[in-house]
1. In the stretch 151-173, which residues are acidic (Asp, Glu) and surrounded by 13 or more Cβ atoms within 10 Å (Cβ to Cβ)?
2. Any idea which of 149, 126 is modelled with pLDDT of 90 or more, under 17 Å from the mean Cα position of the chain (by Cα) and among the charged types (D, E, K, R)?
3. Among the residues of the stretch 107-138, which ones are open to solvent by 40 Å² or more (accessible area, probe 1.4 Å) and without any contact (Cβ under 8 Å) to a residue 60 or more places away in the chain?
4. Of all the residues that make up the stretch 93-110, how many are basic (Lys, Arg) and closer than 18 Å to residue 164 by Cβ?
Amino acid sequence: MKKQRRIKYLKNMGLDVWLKLDATEVITIDANQNKNRDIKSIELCDDCNTSHKYSNHTPTIDSVDLLILGDANENDSSNQAHMIKLEKLLENIIYSIGVRIEKVSKVDVCCVNFLNRKIEEIQPSRILVFDPLLANKILGNNDEIDILRECQHELNGILLYVTFNLVDILNNSDLKRLVWKDLCLLRKDMENK
């Protein structure tokens, strides 16, 4: 099998490096092919000491149009296949609302202070939360998912939208229609900004 083909398969599997059994040749994904899009970093929160991964989407354009929030405590990276499905679902969602992937940043939130620092650092124009429990935590509410989804919210002067958890969407295809309704609200707002 040719080297480029192996790299393609490994990239599709979510692997960045492949080592032959005899360890004489290491194959890595070229940084130019990857453009740092899928690089993950680990950051320790100063406030709650939570160690978590976040997508290090360093936007190549001046601003971030959309900040996507997930719960740092929900990530179970032990199941690589499941994580790949979740990432593919998220990528499809981003494309469906018409936002360029380079203008999106994803952060897994461990606490409100960490989120506030990230918002100040990233300065997004809109926020999408994929978890009603996290949305309630961020907004200081205790609302049901239907109430959270019905309207836009505001956080630090930035419009915030709420939809279902990505894991729930992946496991229950009936939610996709409802998520699309939420995304249309966000999409309409982004077109009018």
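The values are calculated or read from the model by the stated rules, or taken from the named source; none is laboratory data. Treat the numbers as computed from the prediction; the structure is a model and nothing was measured. Here the Cβ is made from the backbone with ideal geometry for all residues, glycine too, and neighbour counts use every protein chain on show. Ligands, DNA and RNA are stripped out before the accessible areas are found, and what is left, the full protein with its side chains, is counted by its heavy atoms. Shrake-Rupley method; radii C 1.70, N 1.55, O 1.52, S 1.80 Å.
1. Going residue by residue through the stretch 151-173, those that are acidic (Asp, Glu) are 154, 168.
Correct list: 168 only.
2. Only one candidate qualifies: 126.
3. Here is the first cut: in the stretch 107-138, the residues open to solvent by 40 Å² or more (accessible area, probe 1.4 Å) are 112-113, 116-117, 120-121, 123, 133, 137.
Hits for the stretch 107-138 are 112, 116, 117, 120, 121, 137.
4. At the first step, the residues of the stretch 93-110 found to be basic (Lys, Arg) are 100, 103, 106.
Within this subset, residues satisfying the condition of being closer than 18 Å to residue 164 by Cβ are 106.
Looking only at that region, the number is 1.
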